[in-house]
Amino acid sequence: MFIPGTDGRLQYQGAVSVETLDSGAVRAWRIHYNERNLHDSELAARAAMPAGVRIVFESVTTSVSLHLRDVADETKPVDFVVDGGLVATRAVTDAAGTRASATVVGVENLDPRVKEIEIWLPHFGSVIVEGVTIDDGAEIVSSGARRPFWVTYGSSITQCRTADSPTRTWPARAARALGWCHQNMGYGGQCHLDPLVAFTIRDLDADVISLCLGINVYGGATLSRRTFVPNVIGLVRTIREAKSITPIVVMSPIVSPNRETEPNAVGLTLAEMRDEVHRAASLLRDAGDQNLYTIDGRTVIGAEDAHVMPDGLHPDDAGYALMAERFADRIRGLNLSLPS
């Protein structure tokens, strides 16, 4: 039985908005798609990649297939998760990353009982969802599961292009370890503290927010010593307009050995930018923000972890596993007050 992507029983968890296309097909966005022309075009392109987006429903079906089209080159796999456990990873391009116009991937031989099914869309690459197929006669309902909802903003290190599959990104792994539901607002190369992104995060229904700041600003030299701290403060204060007591965790950059002492085009080293992130957070706490926390990125991936960073900047799949484990440990140590 085919269920179009627009069916209201299919929840697109982790999407900011869902664009309806032709014949019941949809595209999941990580910005408001009707505002995409207000964003930088590169950010909009990354936001069209459904990192962290999963189609969620409950059903007794013993088989599930996902129908995709317009699969982009290098699109990452799809993961199928049942009751929180990964049951299959399915490639949507061939070994050479060849583009496909239409793709169907799925799983069979699932237990014939009511279960929560999650179909994790590719964390890199752009796809259009036509719908899902389940057993004839098997009903589906919207999932009623409720876990603390975490929104995490960052760069390519948060989008995690080099993770092997969407449930293996560090935010997905950390959320699983913490018992959270997450929304990945990592945009490769595009974490520049854009005000419109701040407004979007402000308006999401988040129980906890993390902001991984600095590496793209360093790489693009888009903010200077004069403007970086004010923009960090502005980002947090914008979110605080609607999230007055929501825990916000600000994380400085993980280590990048070749960038630590190398000044960028505006004269800032990565080590200096890390210090500036922590200075901004300290100023906010001194001004009365008692629900703002910090994590030093070097405690998540440090100088001793160069072996999991092949390019000296991005962790590989093993590195993202390590990053998730350590991030979750740091979060537990903060004793955040969250809904159960």
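The values are calculated or read from the model by the stated rules, or taken from the named source; none is laboratory data. Everything quoted here is computed from the prediction, not taken from an experiment. Don't worry about glycine lacking a Cβ; one is built from the backbone with ideal geometry, like all the others, and counts go over all protein chains shown. Areas reflect the complete protein model, heavy atoms only, side chains present, ligands, DNA and RNA absent. Shrake-Rupley method; radii C 1.70, N 1.55, O 1.52, S 1.80 Å.
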Search result, residues across region 39-78 that are modelled with pLDDT of 95 or more, aliphatic (A, V, I, L, M) and assigned to a loop (DSSP other than H, G, I, E, B): ALA48, MET49, ALA51, VAL53, VAL60
Residues within region 226-244 that are aliphatic (A, V, I, L, M) and open to solvent by 30 Å² or more (accessible area, probe 1.4 Å), tallied: 2
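Condition first: part of a helix (DSSP H, G or I) and buried (at least 17 other Cβ atoms within 10 Å of the Cβ). Now tell me which residues in region 293-307 satisfy that. Step through it out loud before you land on a result.
Initial filter on region 293-307 (part of a helix (DSSP H, G or I)): 297-299, 303-307.
If the condition is that a residue be part of a helix (DSSP H, G or I) and buried (at least 17 other Cβ atoms within 10 Å of the Cβ), then GLY297, ARG298, ASP305 are the ones that fit.
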Boolean, LEU336 is part of a loop (DSSP other than H, G, I, E, B), touching a residue at least 60 places away in the same chain (Cβ under 8 Å), over 21 Å from MET273 (Cα atoms) and open to solvent by 10 Å² or more (accessible area, probe 1.4 Å): yes
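Looking at the structure I just gave you, is ASP40 open to solvent by 40 Å² or more (accessible area, probe 1.4 Å) and more than 29 Å from ASP203 (Cβ to Cβ)?
Working: open to solvent by 40 Å² or more (accessible area, probe 1.4 Å): yes; more than 29 Å from ASP203 (Cβ to Cβ): no.
So ASP40 fails the test.
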Options LEU268, LEU223; residue that is open to solvent by less than 60 Å² (accessible area, probe 1.4 Å), within 22 Å of PHE199 (Cα to Cα), of a type in the set (A, V, I, L, M, F, W, C) and part of a loop (DSSP other than H, G, I, E, B): LEU223
Selected residue (criterion: nearest to SER23 (Cα to Cα)) from residues of region 116-133 that are crowded, with 17+ Cβ neighbours inside 10 Å and charged (D, E, K, R): GLU130
Pick from region 245-265, criterion open to solvent by 30 Å² or more (accessible area, probe 1.4 Å) and polar (S, T, N, Q), ranking: modelled with the lowest pLDDT: ASN258
Residue count, region 186-197 (criterion: over 15 Å from the mean Cα position of the chain (by Cα), of a type in the set (A, V, I, L, M, F, W, C) and in a helix (DSSP H, G or I)): 1
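So if I check each of THR133, THR103, which one is in a strand (DSSP E or B), of a type in the set (Ser, Thr, Tyr) and modelled with pLDDT of 95 or more?
Working: THR103 fails: modelled with pLDDT of 95 or more.
Just one listed residue meets the conditions, THR133.
State all residues of region 286-310 that are under 21 Å from the mean Cα position of the chain (by Cα) and of a type outside the set (Gly, Ala, Ser); if no residue qualifies, say none. Full working, then the answer.
Kept after step one, since they are under 21 Å from the mean Cα position of the chain (by Cα), are these residues of region 286-310: 292-301, 308-309.
Within region 286-310, LEU292, TYR293, THR294, ILE295, ASP296, ARG298, THR299, VAL300, ILE301, VAL308, MET309 meet the criteria.
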Residue match in region 278-292 (condition: touching a residue at least 40 places away in the same chain (Cβ under 8 Å) and in a loop (DSSP other than H, G, I, E, B)): yes
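Yes or no, residue by residue, for (1) touching a residue at least 60 places away in the same chain (Cβ under 8 Å); (2) surrounded by fewer than 20 Cβ atoms within 10 Å (Cβ to Cβ); (3) in contact with a helix residue (DSSP H, G or I) (Cβ under 9 Å, 6 or more places away or on another chain):
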{"position": "ASP135", "(1), (2), (3)": "yes, yes, no"}
{"position": "VAL141", "(1), (2), (3)": "yes, yes, no"}
{"position": "SER156", "(1), (2), (3)": "yes, no, yes"}
{"position": "CYS160", "(1), (2), (3)": "yes, no, yes"}
{"position": "ALA175", "(1), (2), (3)": "no, no, yes"}
{"position": "GLN183", "(1), (2), (3)": "yes, no, yes"}
{"position": "GLY188", "(1), (2), (3)": "yes, no, yes"}
{"position": "VAL197", "(1), (2), (3)": "yes, no, yes"}
Close pairs from region 1-18: first farther than 13 Å from SER65 by Cβ, partner open to solvent by 30 Å² or more (accessible area, probe 1.4 Å) and of a type in the set (A, V, I, L, M, F, W, C), Cβ under 7 Å, at least 6 apart: ARG9/VAL141; TYR12/VAL18
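Matching residues to (1) over 24 Å from THR133 (Cα atoms); (2) crowded, with 19+ Cβ neighbours inside 10 Å; (3) in contact with a Leu (Cβ under 9 Å, 6 or more places away or on another chain):
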| residue | (1), (2), (3) |
| --- | --- |
| GLU19 | no, no, no |
| ASP22 | no, no, no |
| ILE31 | yes, yes, yes |
| GLU35 | yes, no, yes |
| GLY52 | no, yes, yes |
| ILE55 | no, yes, yes |
| ARG69 | no, no, no |
Breaking point among (1) in a loop (DSSP other than H, G, I, E, B); (2) under 21 Å from the mean Cα position of the chain (by Cα), for ILE239: (1)
Selection from region 200-220 of residues that are open to solvent by less than 40 Å² (accessible area, probe 1.4 Å) and assigned to a helix (DSSP H, G or I): THR200, ILE201, ILE215, ASN216, VAL217, TYR218
